[in-house]
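Below: the structure, in structure tokens.
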Amino acid sequence: MAKKAATPKPPTSYELLATRIQKIINSTGAQTSKRAVIHKSPDESSDDWTQLLEDIDEADNVTLVHREDGGVQASWVVPKED
């Protein structure tokens, strides 16, 4: 008996937000300057945004600065290898 292919689950709103922000952080310009300014889109969940910022803030060598315009500047330091 052939197995039915599992229907992939659509991404959650958090996963969509994280993917969008990941693309910004991984862009060539952000990687060169080691910083990126991110903004919550009006259609994104405030709870998802708060959770994402908490998750980013937990990463080693990352600093988040909240800006007056509502954006958040993420900057990071790449540790030197011994």
Looking only at segment 53-81, which residues are at pLDDT below 95 and among the small types (Gly, Ala, Ser)?
Ala59, Gly70
Filtered residues of segment 21-49 (kept if open to solvent by less than 70 Å² (accessible area, probe 1.4 Å) and part of a helix (DSSP H, G or I))
Ile21, Ile24, Ile25, Gly29, Ala30, Ser33, Asp48, Trp49
In segment 53-70, what count of residues is obtained for those that are within 13 Å of the chain's Cα centre (by Cα) and not β-branched (Val, Ile, Thr)?
7
Show the residue pairs that are 6+ apart or on different chains and have beta-carbon atoms under 7 Å apart, the first residue being within segment 23-37 and within 12 Å of Ala74 (Cβ to Cβ), the second being polar (S, T, N, Q).
Lys34/Ser75; Arg35/Gln73; Arg35/Ser75; Val37/Gln73
Just checking, which of Ala59, Ala5, Ala18 is part of a helix (DSSP H, G or I) and at negative phi?
Ala18
Consider Asp60 carefully, then state whether it is of a type in the set (D, E, K, R) and closer than 30 Å to Val78 by Cβ.
yes
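Residue by residue, here is whether (1) modelled with pLDDT of 95 or more; (2) more than 18 Å from Thr63 (Cβ to Cβ); (3) of a type in the set (Ser, Thr, Tyr); (4) under 14 Å from the mean Cα position of the chain (by Cα) holds:
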position	(1), (2), (3), (4)
Tyr14	yes, yes, yes, yes
Ile21	yes, no, no, yes
Ile25	yes, no, no, yes
Thr28	yes, yes, yes, no
Val37	yes, no, no, yes
Pro42	yes, yes, no, no
Gln51	yes, yes, no, yes
In segment 50-75, how many residues are over 18 Å from Thr19 (Cβ atoms) and open to solvent by 40 Å² or more (accessible area, probe 1.4 Å)?
12
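The values are calculated or read from the model by the stated rules, or taken from the named source; none is laboratory data. What you see is a predicted model, and the numbers here were worked out from it, not measured in a lab. For neighbour counting, all protein chains shown are included, and Cβ atoms are generated from backbone atoms with ideal geometry for every residue, glycine included. Heads up: the accessible areas ignore ligands, DNA and RNA and are worked out on the full protein's heavy atoms, side chains in. Shrake-Rupley method; radii C 1.70, N 1.55, O 1.52, S 1.80 Å.
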